[in-house]
Structure formats: structure tokens, C-alpha cells
Number of protein chains: 8
Amino acid sequence: MAESSTATRESHRVVAPEGLPPRRAYVGARTWRVYLAGEIHTGWRDEIADGIGAHDLPIAFSGPVTRHSLSDDIGVKILGREEDEFWRDHKSSGINAIRRHIHLQEADIVVARFDDEHKELNVAFDAGVAAGFGKPIVAYHDPDLDHALKDLDQAAFAVARTAEQVVRILRYVVEA
Amino acid sequence: MAESSTATRESHRVVAPEGLPPRRAYVGARTWRVYLAGEIHTGWRDEIADGIGAHDLPIAFSGPVTRHSLSDDIGVKILGREEDEFWRDHKSSGINAIRRHIHLQEADIVVARFDDEHKELNVAFDAGVAAGFGKPIVAYHDPDLDHALKDLDQAAFAVARTAEQVVRILRYVVEA
Amino acid sequence: MAESSTATRESHRVVAPEGLPPRRAYVGARTWRVYLAGEIHTGWRDEIADGIGAHDLPIAFSGPVTRHSLSDDIGVKILGREEDEFWRDHKSSGINAIRRHIHLQEADIVVARFDDEHKELNVAFDAGVAAGFGKPIVAYHDPDLDHALKDLDQAAFAVARTAEQVVRILRYVVEA
Amino acid sequence: MAESSTATRESHRVVAPEGLPPRRAYVGARTWRVYLAGEIHTGWRDEIADGIGAHDLPIAFSGPVTRHSLSDDIGVKILGREEDEFWRDHKSSGINAIRRHIHLQEADIVVARFDDEHKELNVAFDAGVAAGFGKPIVAYHDPDLDHALKDLDQAAFAVARTAEQVVRILRYVVEA
Amino acid sequence: MAESSTATRESHRVVAPEGLPPRRAYVGARTWRVYLAGEIHTGWRDEIADGIGAHDLPIAFSGPVTRHSLSDDIGVKILGREEDEFWRDHKSSGINAIRRHIHLQEADIVVARFDDEHKELNVAFDAGVAAGFGKPIVAYHDPDLDHALKDLDQAAFAVARTAEQVVRILRYVVEA
Amino acid sequence: MAESSTATRESHRVVAPEGLPPRRAYVGARTWRVYLAGEIHTGWRDEIADGIGAHDLPIAFSGPVTRHSLSDDIGVKILGREEDEFWRDHKSSGINAIRRHIHLQEADIVVARFDDEHKELNVAFDAGVAAGFGKPIVAYHDPDLDHALKDLDQAAFAVARTAEQVVRILRYVVEA
Amino acid sequence: MAESSTATRESHRVVAPEGLPPRRAYVGARTWRVYLAGEIHTGWRDEIADGIGAHDLPIAFSGPVTRHSLSDDIGVKILGREEDEFWRDHKSSGINAIRRHIHLQEADIVVARFDDEHKELNVAFDAGVAAGFGKPIVAYHDPDLDHALKDLDQAAFAVARTAEQVVRILRYVVEA
Amino acid sequence: MAESSTATRESHRVVAPEGLPPRRAYVGARTWRVYLAGEIHTGWRDEIADGIGAHDLPIAFSGPVTRHSLSDDIGVKILGREEDEFWRDHKSSGINAIRRHIHLQEADIVVARFDDEHKELNVAFDAGVAAGFGKPIVAYHDPDLDHALKDLDQAAFAVARTAEQVVRILRYVVEA
């Protein structure tokens, strides 16, 4: 029981959000799992992870495999070559779906990222699956995608425009 | 009870699929509900509905509101004007989400349509919601979208290229 | 099978929403079930039912028992008297909960009505249960209750101010 | 395996509830998660937390953000200003809903607190969501709110009048 | 669509409960399914069915097979003899479980009947299964069984003492 | 309401099972949906359907497409040829899975048939899916397959050896 | 990650069941939660706990509060006196239901114990709730209760006659 | 909280898959549970476990009891002898089902293994149960079983031919 009550007491050390006085914490410790859905070509995940990392929060991120060619070729690389491009993609997508399915199902929050160069249909699909699973979604995109993403935004709990806003939302959710 | 057993007997009149001899049907009557997700600017839904209609099958289609301006403006039209475009979309999306949510939840099959001019993120989102609900999906798009839709295609039960293929799949599922 | 395909064909007679030309309907027939949660002292349910009734739409309304004293006394009336007011309420609430539970679970849409004189906690509780069940909610209240209902409104798909707006939302959802 | 069996043996140290002799415990260790829904202006949560804290029980509390202005303004503070009060609330409620949704879903028990000055509709809504999720609810309010909360009370597993009663219920549930 | 709106209009003919003036009905037609769990030796089901039948309500009852020897012997009768009494019961229980499982899952309400001579464990088990499925339960037994059934009663929505009380509860739920 | 109460009264005409006197029926009308999983080369489904048909029971059967070559080739026939046998099967299985998935999910009872020449892995897989969905299973096979099917049999509600036994089980479930 | 892989390696130390040679374990560590439903007057839970304790297995037992008068009186003791015995029981049952509900939902296995002097309806109800939740049940009673418990036994995964048999089943499930 | 953030930091030590440079890990630590369904006569599970073991990954394997005679005889060994072979199997299968049910429900991934000598119906049934539970399946069998397993393969996320391929898929899912 010592262990449990320690966990409870540890939670009293929760730090206050920026600019606010420390407070008596009554919220127990938990690890928050955040799935970062979105394109895998730019460093937006690092921006968020760095923003969170600076505050040492109990957040564990997950997301798709970010090495593009590894992700695209994993099917044929492991399971053997395919002539047809469609089946080549299919094999890779199957293996990627195993991990995405598991990560999405155990995520507490799903961040869905789009930008002007990466209006990725597969990301919108992932966000839909997450919504179908009942996960809270944070959309993250510029205003010029608002109309194209209006149904996703309506289903989202928040629509952020910058990585810093995502970080602040996560900090508030975890710390406040 | 007469009614029920009549229903059972009626099902014996199920016609055989094209080019096949009539058969003793053992499958009871049901109405199949098919949600047609996809762009609302071209007549692809009519092609499918006409193809099915020619065979008098027990299929009831549903889908988004296809009058574009009605769908886009319904929020402010009913609930009052908004300065901000974002909230204008939000209000319409909320009302549209009521019917989409209900239709997707009671659909037996969801067809998700994309073409080169309409790579709609909201459609991919809808297909994801349907997948999260456990609905069988039939993807319908040209091969040049295969890579962009590889995860959706992997989750789909079939990937069709033409309205006629969608019609034939539905006919097989309902009649065979 | 005739019955089913008739049902499909019947759906072609769906009338267009006010001010819009008739259209080729592709949506099959269904009955939409709408639960009207809210106070039982004024005639707001009749306003909505009349508004819908004028258009002969396939909507079946349900809601709490609206005869106040019957609803309040049903427990002791059927199951025997109680000294204690708490248990008197408890017995009635139990019987009322049977029908509310069933109606909420099978509702397609839940309308939650509040006004300045009827900020009913039990109605907010019902709306919460409906939200927990995943039902689309239409909130219906004046702007001066916005802050007091902000979490319910956030979870709602639409926030209406008048019975007519509720009617128009339901008509759009069912007919458009 | 040592770890697991240690956990089991630790549980033998469970202390007996007040006034009862120690006993051979056969219940394994777990952390009980209790969500404290209710107004955020008075110190009722501290009363309960202190009551539990005195006994070093494995209970982790969660609840809404209790700094009122932070909670109310978080939306515009992070995501940018809004002219309209409704959307200001909406943005904050969305972010607050992320954490409430997660906390309610993982709670073992939900305490719902009301007093004469705080008959909060949003709290009743939260309790309804929790009930819809199948969570055991402990209502906590004075008798003069009994009629106004009769449906919530009927759905609750216990109706407490004081913080001490809530503490004793939690202690019994965790320790007995 | 005519059919659906007819159904809606029909519902306007709902009669008022005993001693109450007719009213404008706004509740759509539905068939209420009530499972009558309990001993199969006395005529209590007929009392309830007759009470309901007198009012021509849309209630469809289901329940266990009431011909005792048929129910007990159905396993060996269809599937072949067994030496061992345990397996004889097992085979019958398996077949009976098919129908009980289906009836319980589609029931709207489950009535659980016990009397002094029939404190049947299998009935309490059935009621538990129904409770696990989330079905509203109406317990029906004499006060001298109150202590022995206190957990079942606590989970029930009402505790009736007579068949007439059960009838009145069902009438209220369906008609009020 | 007339319709519903008619349905209730109709149910009074339920005939008694073979060799039993007519009885006062209290069970409402419903259509029972039975999925017949198993090989598609012999006429075992007809034996069951004929056995049921002779008694005019409200049972609607479903099952896989029984024209072998149609079922095997449907993928390439509709969606275009494949070089690789694996993908040829995959395309057909996808389309067949749409209807199997829907039929299994709405089945009340699943019969799983195996014989010495048809120990079909896909049938065992289907039965497993049905069990995972919580459907009652009736296994139907000879004793020499008992050991090979012991886990499936354990999960089944009954193990039949002949088509007549399956018919009698269904009759009892529906009529008794 | 060291922690996790240690956990995996630890699992290699799993001891073999009685009379069997040690083996290479490939099953990871987990704590098995077993709810012991049944009468609270005799020491049967200790027999099982001792049997398991002797083997230092990762099993955490839970069950009802076994101090009879505490369990019976807890409602009035905490929440205040009641004149009526029925409501006295009701208050206690409500509080007991909180912990039973939580324990049953997180149990891996539920043992349901009956003996000739304790044919407790509430225990059968608990077992039913567990079955409705999909939990594997081990029934534990003498053969003379077989007929009275035939439906519960049919739903159970095993029917044991002695505490030692229960212990051996649990050991096999956890260790084999 | 230290513990949680340690866990997060630990995850930064995740090693890169074979032949790839180390990377900044953003995925938190978790233990992946993999159920290995399939025959219990050859050493295929060891091949996979060894392949994984060499990389020290956080994977915990589970599966059926692999000592054949223990698994087959456990029912009568614990619960007493049976004359009839069918009930002998039934008793063992019941006990084995307890652990299989629990392991399958908590598995992240299910591997289903078949070879020419072991086309086990019970394994296909297990895979079906897992699919019904929504678990990602990796099929593992030679091409000559492709047609016999086409429906299972279609439902699987990957079809592997060698133990090494299974190992590489698991490594990719866990590490990439």
C-alpha cells in the first residue's frame, strides 16, 4: 500500500502552470498518452515534444513511423516484393495499421496536424478513426484549411494554429 | 406471425445475380443501408442509385446533404449570422454532424468516394469515423490516389474504380 | 421483398425543405426518434410537435411524463405510501427512470430545454446521460443561460434559442 | 514475479476502518480514482482530501480546474480572443472538456456536489455523463435540494449530506 | 413515408392511464419488450399478461419455457441421453440459454419474480445478467424476501409486491 | 398503435411444438435470424431450411454465398484480374467479408457446420468471430471431430449431430 | 525500457505447476484479479487464499465485505438511521454496490460459492452481473445444488466442488 | 511524478531497428502483449521468443498451455473423471478457455500459426474470437494454406511465412 500512497503523495508535487502560484494538488499521477497524427516530413512533432520536455510532464507521445521510406517500404522489405504498387502499399499499410490501431486505441488525446503542403487524406482518416473511438481530438492547422476541415474541426475539442498552442493545451490539461 | 413467415417466404423471390440461374433463396428480407460519403458536386451518387434502382434491390442510400450552399449555410440560416467564417462553418458543421452521425451509425456499408479534383479531407474523416464504428468500407477512387489513400484502402473491404463496380459489389452483397 | 423496395421508392417522395425545389431523393425511409428533455410546465413541446406536424415528417417524439403530479406521485401511488419525502421521490424517480432510460437509449436526437424559470438540474443530468450514450444533443435556451450551460453547449451539436429553430434543425436533418 | 507477489503481500497491511480490529486482508492493492464534480468556489474538495489524507488511503482525486478565472479564460488565453462571449466560453469549455472527458472515463467513483448557492447545471451534466459511462455516483447535497435532484439521486449509489460522510463512504469502499 | 407518418399519427390515439383524461400524445409507437424471469410453476405471468391484455397495450412478453418437464428434458430429448444428471441438466440449460440470452438482450424491461417457495437461484442469476446488460429491472417479491434480495432490489428500478403493481408500472411506462 | 397490439395478438397464435397441446402464448412476434456457417458443397442448409419451412416459423436464414465459383471469383470478376493467386483470393474475400460481417452481426444464432471432408478453417474462424461478437453458437458435426473442435464446442450452446437436431433446437427456441 | 524488459525476463522464473518440470516461460507477468462471490459466514475465502498463498502466485483477491454486521449496517451507520428495514438495507446495499461494481468490472475471474446453508440469491445475482460483463465464472458448490444452479453452471467455465479444486484451477490458469 | 517522467525519459533510449541510425524517440514505454495462437507440438513459439529476446524488447508473450497432455487432461485431473470423451474434453476446454479468454482480451496483437500438419480448427476459432474482439491479427502459414485461410488472411493485418518475418513485424511495430 506504501507504493500507492506514495504515488498519491507524489502527485502533491505537481507544479503550477506558468505564471501561477504553486497549489495543493489533489490530482493523482498518471501518464497521459498523446498520439501525434500528421505528416512525417517536417519537425512539428519535435517542436511539441521539446515544448513539453522543457516542463518534464508525464506525457508519452506516440505517432506514425516518421522515417518515410522505412514506413513506405516495410511491407515488401519484411514480407517480400510485389510487382503491383497497390499491393506494395497495402502490405506496408497493414503492418503500419497494427501499431497505429493500438496507439490510437490507448491514446488519451489525438493531435491531428495539417498544413498547406500536407493535406493528407490518411491523417484525416486517422483522426476519424480516433473520433469513432471517442478520443478527444486537437486539430492543428492554419486558417486557410478551415473550410476544408470544418467537419473535423467541429468534432475536435480545440483547433490550434501553432505548436506552442498545442503545447499549452497539453500543459493545461495535464497540470492545471 | 403470418406477417413474419410471409416475410420469410417473400425472400424466396430474390432474383439471381446477372447471368446466373434463379435459385432457392434461404436469406431473409432486410433493407441494406448504404452511406455514400464523398464530394457533392458531381452526379456519382445518381450513377450508383440508378444502377441499383434498375434492379429494384432493397437498398436505402443515405449521405451528406448534396445541395452545397444549403449545407454550407444551414448554420447561420437557422441559428443566426456569424461575423467569423470559422464559427459560420462550425454552426453548419454541427447541424450536418447530427444527421451524418446518425446515418453513419446505422449504415451497413459506407462507400467513400474521392477523385482528382475532390481529395476531400472531410470525406476521409467521415470514412475514419465509420471505420472506428466498425462499418465495412468500400473505397472508390482512381489509381493515382492509391498512395494518398493507402491507409484508408487497407482498412477498406474493397477498392472500386467505377460506379459500376460499386453497384456490382452492392448487388452481390445483397443478392448473391 | 416488395415491401422493402416499396419503402425505397416511397423515399423518393420526400419533400424538399421550405423554399427549395423538389429533388430526387436517395435517402431511404426511417423514423427519427427525438427525446424532448426539459421542464414539464409550459407548452414548448407542443410548439415543436406542431411545427413538425405541419410538415408530416417521420419524427416520433418522446420525453418525460408531462403531467406533473402524476409524475411526482407515481411511486407511492402504485407502490404504497412513504413517510419520508426522500423515499417518496425515490420511488417515483425509479419508475420514471425506466421509461427515460429506454427512451434516451433509443433516441436519435435529444433536445435539452432550459429557461430562466426552469434551470432544472434533472434535465441537465438527462442531457449528460444522453451525451454519455453518444447521442447528438440540441441545446435550447436563452443567451443568459449560456455561461451556466457552457459545458453542455460545448458537447451539443447545436444551440437553439427558439422552438422554431429546433423545428428547422429537425426538418433539415430529416428532409435535406 | 516478485514484484507482483509483493504487491499482494503488501495488501495484507490494509488497515481496518475506524473502530474495527485489524484483519487478514485478501484484497489486492489498487489505486481508486475519484472524480470530484461540483462548484469550484468553496473548499469542499479539500475537506474530502484532508479526510482521506489523514488515513493514507490509495485514492487519487481528480476534478475540474478549480482556479475559476483560469478555467473560464483558458480558451482565449491560449487560442486567441473572441468578440462573442458565447464562443469565448465555447473555446474554454472545449479545452476543459478534454481533461474532464478523460478523468470521468477513468474514474472509479464520481462525487457530485451541489449546495444552495451552487445548483450548477454543468455539474449535473457531468454527473449525467458519468452515469451514461456506467460510473457509480455519490451525490452530495443538502435535503432541500432533494426534489430538484431526485433523478440524479435515484441514479446515485449513495446520497451524502456532509464531506465527512463522503469520506467515510470512500474509506469503507477502499478499506473494508 | 406515408407509413412512418401514419405511425406517428396513430400514436396520438394513445389512451390515458386509468382515471386520467385523454391527452395529446407526442410519443411515437413502439413495441415494449418485457422479459418475465421467475418460477414456472404458478400462473403469475398470466396475471400480468391478463392485466396488460385488458388494456390492449403494445407490450410483447417473453420469458423462460414454462412447461417444466419440457424445459428440463429438452437437452436429452433432442441431443440424446446422458447417464449423468449434471450433463443432462447442462444440455438442457445450453438450449434454454440460447433463447434466454436473445430475449434478455432485446428486452426493454426485465421483471424478476420470487416467492417464498421459489427462491430460485437461476432467476437471480438471470436478473444479474440483465443488470450486467444494463436493462431496467422490476423486482417482484414479498417483503419477507427483502433482506435476501437486497442487492438485487438496490439495482432494480422498482420493487413490486403484487402482479397488479407490475401491471400498473408497465402501463405507466408505456402509456403515461 | 393498432398495428402493435395486433402484432401482440397475433403472437397468441404461436403453435405448440410437436406433440404438445396448444397453449396461451405470451411471447411477442419476432423474426429470428440464423446464420448457417459451413461448407458450401453439400445440401445441409436445404435440409435445415426444409425442416423449418415445414413448420412455417418466423426464421430468416443467412449464410455465405453458396455458389462456389461465384464466391471464389467475385473479386477479380468485379474489380479486375490479378496475377497472384493470393491477391485474387484477397479481393474475393474482401467482398464476401462485407456481407458475412453484416450477417454475423445481426444474427441471433450462428450454426457452425463441419464434416469429415470439410474441416474448414474459415468456418471455424467465422464461428470465432461470432463468439467474439457474443452470438450463441450451435455446433453441428460428427463425434469424430469432437477433439478437433473441443474449444469451439465448449463455447457453443449446443452440439448437434444431425440437421434434424438443429431444426428441433431452432423450433424449440422459437416456439416453446 | 530496462524496466519493461526486466519484467519480461522475470517472467522466466515462473515455477511449474505441481509435479511438472520447470520450463522456459514465455508468458509475461501480470496480476490476476479474482473476485470471490459467496456467503460471508464461513472461512472458504481463507482456504482459497491460503492455497494460493502457499505458492506465491500473482493473484489479488477481492470480494464483498466479510464482516456481516458492518456490511449490513454501513448505510445507516454513515448516512443516518431509517425507520423502515427496506430502506435500511437499501442504503447499505448502495454503498456495497459501489465496491462490488468496481471489483466485478475489473476482475479477471469470478468464483461463485454456494452451499446448502447459503443458497444466497444475492450471490447468484452477482454472478449474473459478472456473466453479463463477460467475466469467466468458476462455480463452486456441492452436487445437490446442481439442479438449482443449472443455468449458472452452464454459463460457468468450470464447476468445482472443493476449495482445493478452485485453487488448482487458479494455479493452472496463472502458471501453466 | 518523478516516476512518470523517468518513464518518459527512459523511452528516449529506444534503440533503432536493425541497420538504422539511432533517433530521438518520442514514443513512451509500454509493454506489448502478443498472444501466440497455434499448434503446441513444435517449437515455433521459441523461435519467435528467441528472435525477440535477442533484442531485449518490451514484449510479453502469452498463448495456450503448450504441454499437450496437461492441457488435454486438466479438466478430469482437477475436477474428476468422466466416462464420456466428449465431457472429458469439455471440462478441460472450460478451464483452458478461462485463460485463453483473458489472454486474448488483453492482447495487443494475436499471431495465428498454421502448418500443413496442423490445420487446427481450434486455432482458427481463437483467431476469429480475437478478430471479433477487434485485435490486430498476424497470420503465419505457408502459401499452400492460402486458399484454405483466405477469409482469416483477409481479416489479418499481415500474412507471414516465417518466424523471422513475425519477429521483424513485431520489432517494427514496437521499435520503429
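The values are calculated or read from the model by the stated rules, or taken from the named source; none is laboratory data. Keep in mind it's a predicted model, so treat the numbers as computed, not measured. Backbone-built Cβ (ideal geometry, glycine too); neighbour counts: all protein chains shown. Accessible surface areas use protein heavy atoms only, side chains included; no ligands, DNA or RNA. Shrake-Rupley method; radii C 1.70, N 1.55, O 1.52, S 1.80 Å.
Restricting the search to the stretch E:92-124, which residues are in contact with a strand residue (DSSP E or B) (Cβ under 7 Å, 6 or more places away or on another chain) and of a type outside the set (A, V, I, L, M)?
Answer for the stretch E:92-124, where residues must be in contact with a strand residue (DSSP E or B) (Cβ under 7 Å, 6 or more places away or on another chain) and of a type outside the set (A, V, I, L, M): E:G94, E:H103, E:E106, E:D108, E:R113.
Which of the following residues is facing chain C (nearest Cβ under 9 Å) and at pLDDT below 90: B:G19, B:G63, B:G53, B:G80?
After applying the criteria, what remains is B:G53.
Based on what the data block shows, is D:G80 over 16 Å from the mean Cα position of the chain (by Cα) and at positive phi?
Answer is yes for this residue.
Quick check on my filter: what residues within the stretch B:113-137 are more than 9 Å from chain A (Cβ to nearest Cβ) and not charged (D, E, K, R)?
Within the stretch B:113-137, B:H118, B:P136, B:I137 qualify.
Of the numbered conditions (1) at pLDDT below 95; (2) under 14 Å from the mean Cα position of the chain (by Cα); (3) more than 8 Å from chain F (Cβ to nearest Cβ), E:H41 satisfies every one except a single condition; which is it?
Here E:H41 meets the rest and fails (2).
Please name all residue pairs, on different chains or six or more residues apart, with Cβ atoms under 6 Å, provided the first residue is in the stretch G:138-155 and is closer than 22 Å to G:F61 by Cα and at pLDDT 95 or above and the second residue is crowded, with 18+ Cβ neighbours inside 10 Å and of a type in the set (D, E, K, R).
Qualifying pairs under 6 Å: G:A139/G:D153; G:Y140/G:R113.
Can you tell me which residue is farthest from C:V173 (Cα to Cα) among those in the stretch B:67-89 that are buried (at least 19 other Cβ atoms within 10 Å of the Cβ) and touching a Lys or Arg at 6+ places or on another chain (Cβ under 7 Å)?
It comes out as B:D89.
Would you tally the residues in the stretch A:138-160 being within 7 Å of another protein chain (Cβ to nearest Cβ), open to solvent by less than 10 Å² (accessible area, probe 1.4 Å) and within 17 Å of A:D108 (Cα to Cα)?
Within the stretch A:138-160, residues that are within 7 Å of another protein chain (Cβ to nearest Cβ), open to solvent by less than 10 Å² (accessible area, probe 1.4 Å) and within 17 Å of A:D108 (Cα to Cα) number 1.
F:E10 is checked against (1) modelled with pLDDT of 50 or more; (2) facing another protein chain (nearest Cβ under 9 Å) and fails just one. What number does that condition carry?
Condition not satisfied by F:E10: (1).
Taking F:R33, is it outside any helix (DSSP H, G or I), modelled with pLDDT of 90 or more, at the interface with another protein chain (Cβ under 8 Å from one of its Cβ atoms) and open to solvent by 50 Å² or more (accessible area, probe 1.4 Å)?
yes
Looking at the stretch B:99-112 only, could you name the residues that are part of a strand (DSSP E or B) and within 12 Å of chain A (Cβ to nearest Cβ)?
Residues satisfying the conditions are B:V110, B:A112.
Would you say D:E106 is closer than 18 Å to A:I137 by Cα and surrounded by fewer than 18 Cβ atoms within 10 Å (Cβ to Cβ)?
yes
Conditions: (1) farther than 30 Å from F:E106 by Cβ; (2) more than 8 Å from every other protein chain (Cβ to nearest Cβ); (3) assigned to a helix (DSSP H, G or I). H:D89 meets all but one. Number of the miss?
All conditions are met except number (2).
Given the criteria crowded, with 21+ Cβ neighbours inside 10 Å, touching a residue at least 24 places away in the same chain (Cβ under 8 Å), within 9 Å of another protein chain (Cβ to nearest Cβ) and more than 27 Å from D:P136 (Cβ to Cβ), does E:V174 qualify?
When the stated conditions are applied, E:V174 passes them.
List the number of the failed condition for D:I95; all other conditions in (1) among the β-branched types (V, I, T); (2) open to solvent by 10 Å² or more (accessible area, probe 1.4 Å); (3) outside any loop (DSSP other than H, G, I, E, B) hold.
Single failed check for D:I95: (2).
Residue by residue, here is whether (1) polar (S, T, N, Q); (2) open to solvent by 10 Å² or more (accessible area, probe 1.4 Å); (3) without any contact (Cβ under 8 Å) to a residue 40 or more places away in the chain holds:
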| residue | (1), (2), (3) |
| --- | --- |
| G:H101 | no, yes, yes |
| G:D116 | no, yes, yes |
| G:K119 | no, yes, yes |
| G:N122 | yes, yes, yes |
| G:D126 | no, yes, no |
| G:P136 | no, no, yes |
